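Novice: Just dropping this structure here.
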């Protein structure tokens, strides 16, 4: 297929030799910190990581001048003295770090017995604490390291296919440093009857730097609901997690992906996602960001086959001095597809929110229907939102719209409600809940939607 | 019940109400008429407690309580209701849930026990019938995508549910066809009792053919310049507002 543009690749000029060397030094320090990486599983991963090391060294960490990171200065969150680690092991299990105060009781309440529950501690799969008793036969859930090491054909074939050509320095960095993560594979013609829930626990030492890497593969005609929740427990100081997940959704398959982010103020998270959406397939991704010192969600969707349907939704509630950035890219690379994107933000106190969403329609992607909407409510006088919706269209027979609104709560509606006997606080609350509901309503799993609505209610007050 | 004395109100430095007096007793229906810009909607908003206005002087007392000391929601809890000229759309909040919350807040304020779900549903059905509003409309988000007539009927429906002792209808007749006008009037007439009162603000006398007022007041340039009975409304209809404007233009400062 003819590439419509190469513009996105040239966001920065080439770096000088000295800077490249400097990048290599930082990278090598982090590689040494980690010890065992995916490279240790065999030649495929080794070649991939070597290539990623070169790619990263050539660009380095994003700066404020990097267009895609204009509103999120990564260097102010991820510093060079952060220590890269490959997940961590629990208390009670071999090799635990004495500083780690995580107990099983701390995260057990987060697990739902009706789901297939997977526990990741700092991105590392802990089978001992996961609950796979409901796991239907044929579904593979295991550590990505193990899958690659065992020569799992699907893992080896698809690892890094989505992010291979990424221009995102943090995605390159993840590929270079990844030590482990989760691998999920759903067999052909199989609909997973219960949701898979990944409970991600962030815990441990200050200045820890994690690069978990996940791969989710849906064979043709399969269906999966994947729920992810992110929590902090007993963090000793600020940590930075730079995670990356590749999703491959084969022909006529369907993915529901729900994400709840409720880490604490010490957690800083960059979440890279790559979705490869093929012919006749369907995906619905809903990200609910309720907390976290710094959160950057960076999903990219490649629509590679005809008649695919993509829904990308997000709600972000940012408070205090926190920062949440949603940077999204939907690439229509095939004709006759639709995408619908809705991101809503509630920004309070001194917090900053960012929405930067782009829809790119290739020349061949005729009959594309693409919609994007971003709506924000600023609660405080010092609350900030930076919003930048973008359309780049090279086909001539498409229907694409985008729009963004930012404002305070509707004063007329508040007075209307108050004139019926609701006090100001209650009226504001109800308006905010209603604002959020448009996003939470896109979660189909009832149990999780109910939980999310409760969480939203607790967080929006 | 409601006593307004020498009320002077301005917005952004411009005085809109310039010394307004009005007394309303239980069981009465008052109509307030007047040309555009005379201050009718300002009066309604100020009574209901909208904060965009500055009360320069005067008083509003309701059942002996100083309303200017109370917030909009407290005034509603005391038994006031404003039917809006332009009802606001509230996406994502169903009329039923909105009313459930409002009733619960009002009852709590008055020290009454919470309403039983079955009583609420019974009341809901009764009042829906009264204003001929379809159940699917009240299940939807408040006023969202409603026609002009549906919005006005929803106002009367909410009024019926909240059972205020004083209801102010701000140009409820504007934009209504004859059928909707009849439904709104039937709603008001059914709710009329010895214990409550209504203020009907209107530009035309048409609504007053259906809701027969006890008193008619003419508001002009921020003052009530004429008060009378129903005949005054008919006179206004016949002569138009020019007559008032000529007679009272010397009041203009």
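The values are calculated or read from the model by the stated rules, or taken from the named source; none is laboratory data. In this text, all values refer to a predicted model and were calculated from it rather than measured experimentally. Quick reminder, even Gly has a Cβ in these numbers, built from the backbone with ideal geometry, and neighbours come from all protein chains shown.
Novice: Sort through A:176, A:171 and tell me the only one that's in contact with a strand residue (DSSP E or B) (Cβ under 7 Å, 6 or more places away or on another chain), outside any loop (DSSP other than H, G, I, E, B) and buried (at least 24 other Cβ atoms within 10 Å of the Cβ). If you could, list the steps in order and put the result at the bottom.
Specialist: Numbers: A:176 fails: in contact with a strand residue (DSSP E or B) (Cβ under 7 Å, 6 or more places away or on another chain).
Every option except A:171 fails the conditions.
Novice: Has segment A:388-405 got at least one residue that is surrounded by 19 or more Cβ atoms within 10 Å (Cβ to Cβ) and either in a loop (DSSP other than H, G, I, E, B) or more than 14 Å from chain B (Cβ to nearest Cβ) (or both)?
Specialist: yes
Novice: Going by the conditions given, is residue A:357 modelled with pLDDT of 95 or more, out of contact with any strand residue (DSSP E or B) (no Cβ under 7 Å at 6 or more places or on another chain) and crowded, with 18+ Cβ neighbours inside 10 Å? Step through it out loud before you land on a result.
Specialist: Values: modelled with pLDDT of 95 or more: yes; out of contact with any strand residue (DSSP E or B) (no Cβ under 7 Å at 6 or more places or on another chain): no; crowded, with 18+ Cβ neighbours inside 10 Å: yes.
For residue A:357, the condition - modelled with pLDDT of 95 or more, out of contact with any strand residue (DSSP E or B) (no Cβ under 7 Å at 6 or more places or on another chain) and crowded, with 18+ Cβ neighbours inside 10 Å - is not met.
Novice: Moving to a separate point now. Anything in segment B:173-216 that is touching a strand residue (DSSP E or B) at 6+ places or on another chain (Cβ under 9 Å), at pLDDT 90 or above and part of a loop (DSSP other than H, G, I, E, B)? List them, or say none.
Specialist: Passing the criteria: B:192, B:196, B:211, B:212, B:213, B:214.
Novice: When residues of segment B:79-88 are filtered for being more than 8 Å from chain A (Cβ to nearest Cβ) and either surrounded by fewer than 18 Cβ atoms within 10 Å (Cβ to Cβ) or closer than 14 Å to residue B:142 by Cβ (or both), how many remain?
Specialist: 2
Novice: Quick one: is residue A:461 at pLDDT below 95, away from every other protein chain (no Cβ under 14 Å) and in a loop (DSSP other than H, G, I, E, B)?
Specialist: Details: at pLDDT below 95: yes; away from every other protein chain (no Cβ under 14 Å): yes; in a loop (DSSP other than H, G, I, E, B): yes.
It is true that residue A:461 is at pLDDT below 95, away from every other protein chain (no Cβ under 14 Å) and in a loop (DSSP other than H, G, I, E, B).
Novice: Identify, please: which residue in segment B:64-78 is more than 10 Å from chain A (Cβ to nearest Cβ) and not in a helix (DSSP H, G or I) and is, among those, surrounded by the fewest Cβ atoms within 10 Å (Cβ to Cβ)? Steps first, answer last, please.
Specialist: Step one: list which residues in segment B:64-78 are more than 10 Å from chain A (Cβ to nearest Cβ), which gives B:64-70.
With the extra rule that they be not in a helix (DSSP H, G or I), the set shrinks to B:64-66, B:70.
Details: B:64: 7, B:65: 13, B:66: 10, B:70: 17.
Within segment B:64-78, the match that is surrounded by the fewest Cβ atoms within 10 Å (Cβ to Cβ) is B:64.
Novice: Determine which member of the set A:291, A:313, A:242 is crowded, with 21+ Cβ neighbours inside 10 Å, assigned to a loop (DSSP other than H, G, I, E, B) and in contact with a helix residue (DSSP H, G or I) (Cβ under 9 Å, 6 or more places away or on another chain). It would help to see each step written out before you state the result.
Specialist: Values: A:313 fails: assigned to a loop (DSSP other than H, G, I, E, B); A:242 fails: assigned to a loop (DSSP other than H, G, I, E, B).
Step by step, each of A:291, A:313, A:242 is checked, and only A:291 is crowded, with 21+ Cβ neighbours inside 10 Å, assigned to a loop (DSSP other than H, G, I, E, B) and in contact with a helix residue (DSSP H, G or I) (Cβ under 9 Å, 6 or more places away or on another chain).
Novice: Oh, and also: Go through segment B:9-34 and report how many residues are within 17 Å of residue B:218 (Cα to Cα) and part of a strand (DSSP E or B).
Specialist: 14
Novice: Where residues in segment B:89-138 are part of a helix (DSSP H, G or I) and touching a strand residue (DSSP E or B) at 6+ places or on another chain (Cβ under 6 Å), which of them is farthest from the other protein chains (Cβ to nearest Cβ)? Full working, then the answer.
Specialist: From segment B:89-138, those part of a helix (DSSP H, G or I) are B:95-109, B:117-130, B:135-138; that's our starting set.
Now restrict to residues that are touching a strand residue (DSSP E or B) at 6+ places or on another chain (Cβ under 6 Å): B:95, B:98.
Values: B:95: 11, B:98: 7 Å.
The selected residue is B:95.
Novice: Which residues, counting only those in segment B:156-194, are within 14 Å of chain A (Cβ to nearest Cβ) and within 17 Å of residue B:204 (Cβ to Cβ)?
Specialist: The answer is B:169, B:170.
Novice: Output the number of residues of segment B:1-51 satisfying the condition of being without any contact (Cβ under 8 Å) to a residue 24 or more places away in the chain and in contact with a helix residue (DSSP H, G or I) (Cβ under 6 Å, 6 or more places away or on another chain).
Specialist: Taking segment B:1-51 first, the residues without any contact (Cβ under 8 Å) to a residue 24 or more places away in the chain are B:12-14, B:23, B:37, B:50-51.
Okay, now just the ones that are also in contact with a helix residue (DSSP H, G or I) (Cβ under 6 Å, 6 or more places away or on another chain), so B:50.
So the answer is 1.
Novice: Just for segment A:421-432: of the residues that are surrounded by 21 or more Cβ atoms within 10 Å (Cβ to Cβ) and part of a loop (DSSP other than H, G, I, E, B), which one is nearest to the other protein chains (Cβ to nearest Cβ)?
Specialist: Restricting to residues being surrounded by 21 or more Cβ atoms within 10 Å (Cβ to Cβ) and part of a loop (DSSP other than H, G, I, E, B), the top hit is A:421.
Novice: Being in a loop (DSSP other than H, G, I, E, B) and surrounded by fewer than 23 Cβ atoms within 10 Å (Cβ to Cβ) is the filter here, so list the residues in segment A:294-310 that pass it.
Specialist: We begin by selecting, within segment A:294-310, every residue in a loop (DSSP other than H, G, I, E, B); these are A:304-308.
Those that are in a loop (DSSP other than H, G, I, E, B) and surrounded by fewer than 23 Cβ atoms within 10 Å (Cβ to Cβ): A:304, A:305, A:306, A:307.
Table: residues versus (1) more than 7 Å from chain B (Cβ to nearest Cβ); (2) modelled with pLDDT of 95 or more.
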residue	(1), (2)
A:415	no, yes
A:434	no, no
A:446	yes, no
A:454	yes, no
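Novice: Still on this structure, please answer the following. Given the conditions (1) in contact (Cβ under 8 Å) with a residue 60 or more places away in the chain; (2) within 24 Å of residue A:309 (Cβ to Cβ); (3) more than 11 Å from chain B (Cβ to nearest Cβ), which single one is not true for residue A:438?
Specialist: (3)
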